[in-house]
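What follows is a set of notes on a single structure, which appears directly below.
The values are calculated or read from the model by the stated rules, or taken from the named source; none is laboratory data. Worth saying up front: this structure is predicted, and the values here are computed from it rather than measured. Positions of Cβ are generated from backbone atoms using ideal geometry, with glycine treated the same way; all protein chains shown enter the neighbour counts.
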Amino acid sequence: MKKTKLIGLTIAMAFLAVTLIASPAMAEDGDYNLRMMATGDLHQYLVPYDYMNDEPFDAYGFSKTFTLIEEAREEFGENTLLFDTGDAIQGSMIGNYEALVEPLEMFETQAIIEAMNFAGYDAAAVGNHELQDFGLDFFDKALRGSEFPWLGANFYTMEGEYYTQPFEIFEKDIDGETVRIGVISFVPHETMSWGRTHLHGEVTIDDIIESAEHYIPMLESITDLVVVASHTGVGSTARDHADSYDAGYHLAQMDEVDAYLGGHSHSTFPSEDYADVENINVEEGTIFGKPASMPGRWGEALSIIDLKIAHENGEWDIVDFNVDLREIDEDTPEHPDIVEIASDVHDATVEYVRTPIGSTEVPVKAYFSEVKDSAVTQVVNEAQLWFAEEQLANTDYEDHPIVGVAAPFQTSTSVEGDITIGDVTDIYLYDNTVYILEMTGEGLVEFLEHSVLHFSEIDPDDPDPQVIDTLGPSFNYDVVEGIDYEIDITQPEGERITNVEYNGEPLDMDQEFAVITNDYRAGGGGDFPHTGDDAEVIFSSADANRDQIIHYIEEYGTINPEPSGNWRLKPVDTAGPVQFETHADAVEYIEEFDRVQGIEFVEETEDGALFELDLENLGWD
C-alpha cells in the first residue's frame with residue numbers, strides 16, 4: 001500500500017479546511033436544495049466550429065454550454081456546484097495549436113482553462129487525454145493556471161505521492177445545518193498504456209475499482225454525501241469493470257456513493273442507448289437507484305442533478321432527486337465572454353488549418369475504407385513507411401521488412417485537390433504518436449485476425465440480403481500495408497485471414513517485421529495481440545503520426561495515394577446479396593467517380609446509405 005494512502009483522513013481534513021462555501025438554504029421553488037452540474041470531454045471545443053471542415057457547427061462548443069450553465073445557476077441561486085469530468089485540454093485543433101504549433105510559454109495556460117476559470121468550476125477530473133497526448137508538462141500548465149482543484153484518487157508520482165488531490169470536500173449550509181459533500185475522481189488506468197511515451201517512469205495510475213474500494217468508504221466516513229465526478233463511462237454489465245469505459249457502472253453500485261457524474265465514453269446519460277442495461281432506469285436517470293448523468297462530448301450538453309436532502313437524527317439523507325440533461329442546439333446563444341476568451345487562439349487556429357501543404361491526384365475518401373483498400377489508409381501508411389525507413393536506417397533493424405498499420409478513423413473523411421493542415425486532421429483524427437514494434441509473420445496474422453473481428457460473419461447459404469455489420473469503432477479496424485492478404489467474412493473468428501503473402505511468396509511465419517503504428521495501439525488500445533505488455537517496442541517517439549503525414553506531403557508536394565489493393569474481402573459465392581452501410585455522401589461519390597467498382601447503391605437509410613457489394617469485382621479498375 002502506498003504510504004500516502006495511510007494518511008487519507010489527515011489529508012481529507014486538510015482539503016476540507018479550504019473548501020467552505022456559504023450558500024442559501026433552498027431553491028426558489030423549494031423543491032430541491034442542492035444542484036450539481038457537470039460538463040465533460042470538452043476537448044478544447046471552446047466555440048462551435050469544425051476545424052477539420054473549416055466551418056461553423058452549431059451542435060457543440062463551450063461558449064454555448066456556458067449559456068446553459070448560467071441559466072441553470074440563475075434558476076437555482078448560488079447553491080450549486082460545477083464539475084468537469086475530464087478530457088478538457090486536448091482534442092480540437094486549438095489543443096494542437098497550443099501544444100505543438102505555437103507552444104504555450106512557461107507561465108501561460110490553455111484557453112479552455114481560462115474559460116473554465118471564468119465559468120467558476122469547483123473541481124475537474126483528470127482524464128486520460130490530459131496526460132497521454134502532450135505529456136505532463138502540458139498538463140502541469142493546466143494545473144498551475146487553474147483556479148479550481150484537479151482530482152485523481154488513483155494518480156501518483158513515482159515516489160507514491162498524489163499527483164493531484166484525490167478528492168475535494170465542500171461544505172454548504174442547508175436549513176441551518178452544514179452538509180459535507182465529498183467529490184472524488186479516478187483516472188482511466190489504461191492511460192499508462194495509451195500514453196506510454198510520456199508517462200512510463202514518471203507517474204503511476206492504479207486500477208479504478210481497487211482504488212475506489214479503498215477511498216470511497218474512507219470518504220464516506222468523513223462526509224455526508226459522496227459524489228463520483230470522474231472520467232469513467234457506463235457500459236454493459238457483460239464487460240469487465242476494469243475497462244474504464246464501464247467503471248462508472250460499478251462505482252455507482254457502491255453503497256457509499258450517492259450520485260454519479262461521468263464521461264470518457266462521449267455518451268449522454270440518461271439516453272435510450274442504455275435502456276436495456278440491467279439496473280439502469282433511463283426514465284428516472286438512475287444506475288442502481290442512484291442519480292446519474294453523463295454530458296456527452298465537446299460541450300453538447302450539461303448534466304444536472306438536483307437533490308433534496310434532509311437532516312434527521314444527526315445524518316443527512318437524500319429524500320428526492322431529479323436528473324436533467326440539457327442539450328445545446330442551433331438556437332442556443334454563445335456566451336460573449338467565452339467567445340472573447342477564445343477569440344485570439346480560435347483565429348490563429350483557423351489560419352493554421354487553412355495552411356496549404358500540397359495536393360492529391362486522387363480523391364481521399366473513406367466511405368468504403370472498411371470493406372476495400374482506400375486512399376485514406378494508403379496515404380497514412382505511405383507516410384508511415386517513409387518515416388520508418390528513415391528512422392530504422394543504420395540500426396539493428398534496418399534489414400527488417402517494414403509494414404504499416406492504419407485505421408480509417410471516420411467514414412466521412414473527404415479530401416480532394418489541394419490539401420491543407422485541416423485536411424490532414426480529417427484523414428488522421430487523433431493526436432497519436434509514433435511507435436514501431438517488432439512482430440513475426442505469425443504475429444502479424446494474429447494481429448489481423450483480431451482486427452477483422454470488426455466484421456459480423458456472413459452466412460454464404462442465406463438467400464436473403466445480409467448487411468456486413470461493423471461491431472466496433474473504426475479506429476480499432478487496422479489494415480496492414482506491406483503484405484498481401486484476404487479477409488473471408490464467411491468464416492468464424494480466428495479463421496478469416498487467408499492467402500497471406502510477402503513479396504509474392506507465402507508469408508514466412510517466423511520472419512521478423514518492423515510494424516509502424518501509434519502509441520494507442522502499441523500500448524494495448526483495442527486489446528490487439530502483441531501489443532501492450534506483450535509489445536516488442538523497437539522505436540518510440542513523441543512525434544505525432546499526423547505530423548508524419550504533413551511532412552510527407554510537404555516533401556512530395558503532390559501525392560498519388562492510389563490504393564495498392566494489397567488486401568481485399570475474399571471473393572466468395574453467396575446465395576444472397578452482401579450489403580454495406582456507410583456515409584450518405586458515398587452515393588454522390590460513386591456516381592461521380594467511375595473508378596469505384598463492385599459497389600451499387602441500394603437505398604438511403606436513417607444513418608446513411610446502403611450499398612450492395614460484388615465481392616468478385618470490389619475495387620478500382
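A compact table of results
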{"item": "Some residue of region 103-110 being of a type in the set (Asp, Glu) and not in a strand (DSSP E or B)", "result": "yes"}
{"item": "Residue ID - surrounded by the fewest Cβ atoms within 10 Å (Cβ to Cβ), chosen from residues in region 261-296 that are assigned by TED's automatic domain parsing to the domain that holds residue 43 and assigned to a strand (DSSP E or B)", "result": "268"}
{"item": "Residues of region 347-356 satisfying the condition of being in contact with a Gly (Cβ under 9 Å, 6 or more places away or on another chain) and in a strand (DSSP E or B)", "result": "none"}
{"item": "Residue 139 vs. criteria of a type in the set (A, V, I, L, M, F, W, C), modelled with pLDDT of 95 or more, touching a strand residue (DSSP E or B) at 6+ places or on another chain (Cβ under 8 Å) and not assigned by TED's automatic domain parsing to the domain that holds residue 523", "result": "no"}
{"item": "Meets criteria (assigned to a helix (DSSP H, G or I), of a type in the set (A, V, I, L, M, F, W, C) and at pLDDT 95 or above) for residue 380", "result": "yes"}
{"item": "Residue 88 aliphatic (A, V, I, L, M), assigned to a loop (DSSP other than H, G, I, E, B), under 19 Å from the mean Cα position of the chain (by Cα) and surrounded by 23 or more Cβ atoms within 10 Å (Cβ to Cβ)", "result": "yes"}
{"item": "Selection status of residue 30, modelled with pLDDT under 95 and surrounded by fewer than 17 Cβ atoms within 10 Å (Cβ to Cβ)", "result": "yes"}
{"item": "Verdict on residue 401 being under 25 Å from residue 611 (Cα atoms) and out of contact with any Lys or Arg (no Cβ under 6 Å at 6 or more places or on another chain)", "result": "no"}
{"item": "Pair list, Cβ < 9 Å and 6+ apart or interchain, from region 375-402 residues that are under 22 Å from residue 424 (Cα atoms) to residues that are charged (D, E, K, R) and surrounded by fewer than 21 Cβ atoms within 10 Å (Cβ to Cβ)", "result": "375/562; 378/562; 386/555; 387/543; 389/398"}
{"item": "Matching entry among 352, 367 (being out of contact with any His (no Cβ under 8 Å at 6 or more places or on another chain), aromatic (Phe, Trp, Tyr) and in contact (Cβ under 8 Å) with a residue 24 or more places away in the chain)", "result": "352"}
{"item": "Selection count where residues are touching a Gly at 6+ places or on another chain (Cβ under 7 Å) and basic (Lys, Arg), scope region 521-578", "result": "1"}
{"item": "Residues (at pLDDT below 90 and in contact with a strand residue (DSSP E or B) (Cβ under 6 Å, 6 or more places away or on another chain)) located in region 408-425", "result": "411"}
{"item": "Residue list for region 514-545, restricted to those being under 30 Å from residue 97 (Cβ atoms) and surrounded by 24 or more Cβ atoms within 10 Å (Cβ to Cβ)", "result": "516, 517, 518, 519, 520, 521, 522, 523, 545"}
{"item": "Conditions (1) among the small types (Gly, Ala, Ser); (2) closer than 30 Å to residue 69 by Cβ; (3) modelled with pLDDT under 95; (4) touching a helix residue (DSSP H, G or I) at 6+ places or on another chain (Cβ under 7 Å); number of the one not met by residue 366", "result": "(2)"}
{"item": "Residue within region 327-347 that is within 23 Å of the chain's Cα centre (by Cα), closer than 30 Å to residue 32 by Cα and surrounded by fewer than 17 Cβ atoms within 10 Å (Cβ to Cβ) present", "result": "yes"}
{"item": "Residue match in region 486-495 (condition: of a type in the set (D, E, K, R), buried (at least 16 other Cβ atoms within 10 Å of the Cβ) and under 16 Å from residue 372 (Cα atoms))", "result": "yes"}
{"item": "Region 444-489, residues that are within 22 Å of residue 523 (Cα to Cα) and of a type in the set (S, T, N, Q)", "result": "451, 474, 476"}
{"item": "All positions within region 301-341 that are assigned to a loop (DSSP other than H, G, I, E, B) and under 22 Å from residue 227 (Cβ atoms)", "result": "314"}
{"item": "Looking only at region 592-605, and only at residues there that are out of contact with any Phe, Trp or Tyr (no Cβ under 8 Å at 6 or more places or on another chain) and farther than 19 Å from residue 456 by Cβ, the one that is surrounded by the most Cβ atoms within 10 Å (Cβ to Cβ)", "result": "598"}
